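What follows is a set of notes on a single structure, which appears directly below.
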């Protein structure tokens, strides 16, 4: 046997055990007994063969494994802080009849509804995927989400990622998708997505947010690259507090932020997408493929603008902003206050590339009907 062949078989022997470590687990909140996660049927006694009835403590989750959520109610309030192990991801996803992990005891009724969390969740270590699997995007902006998270406390967040300070950055490589987020519905400091002192590579996709108490996206300060796509920002509560669709203060490298393919139908208080990159003037904001639509009769408080920065009193900088291929419907000239007349106290670079290209308006009509007034600037 040649040396090359021997090395090949040695490599296979080494890889097979590591591949076998990854496992799937069932979580069925309808079960009375908390089983061992090995099957969808309920355990006959605590710790026996059968589904867990809640997400286990993060310290017990195995890196590289997938945890399937059955329909039902979850307490929420989870902090996912399992220690990182190389590049292994933990995946927590909604079970469906097409993907439930293959464990025995499956019933389609476990996967035809929602997994509903009654409090927000937090990620403070690297490499997580939290996936509702279904719902969101064109044709399903406000329906079909596999996971719903409620945040009903005054200072709560539906989903938060990060550490505690500039020297304690946590939560790199975190992806959340296909999630319905319901806020407190009152004028409080309750946020939707909180990305604070987080590591690099945060992605939020197919997210529906409504009744958020303050900012749907809160990222002060932000240190890594973030992508927000296929968001539906339906509503956040007007009031006396500092509010905007997104508050983004970049204070790290690379710090680039992309917002794309999303639908925004509410703007309150300070403004819409608010950007400040004074902490890293090399950071860029990319906004493209979005629809900003003010429904007929709706009152928007534009503040500094729909895409804007602050006035510079705190040394803010509105720079390296790329806005292209978006559509603005039934919105007046305040859109441009932030883009062109923004007082940043420092030189500002703004890029316009095919600004305000018409974008698939028919996708909205299924939800809101024909537009009473359509204005593309």
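Read-outs: derived from the displayed coordinates by stated rules, not from any lab. Here the structure is a predicted model, which is why all the values come from computation and not from measurement. Because the Cβ atoms are built from the backbone with ideal geometry, glycine has one as well, and the counts that use them run over all protein chains shown.
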What order do you get for 253, 331 when you list them from fewest to most C-beta neighbours inside 10 Å? 253, 331
123, 292 arranged by Cβ crowding within 10 Å, fewest neighbours leading: 292, 123
Ranked by Cβ crowding within 10 angstrom, fewest neighbours first, how are 82, 186 ordered? 186, 82
Once you place label points 7 Å from the Cα toward the Cβ at residue 107 and residue 22, how far apart are they in nm? 3.0
In terms of the alpha carbon gyration tensor, root eigenvalues a ≥ b ≥ c, rounded if a/c is under 1.5 and otherwise prolate when a/b exceeds b/c or oblate, the range 76-168 is oblate
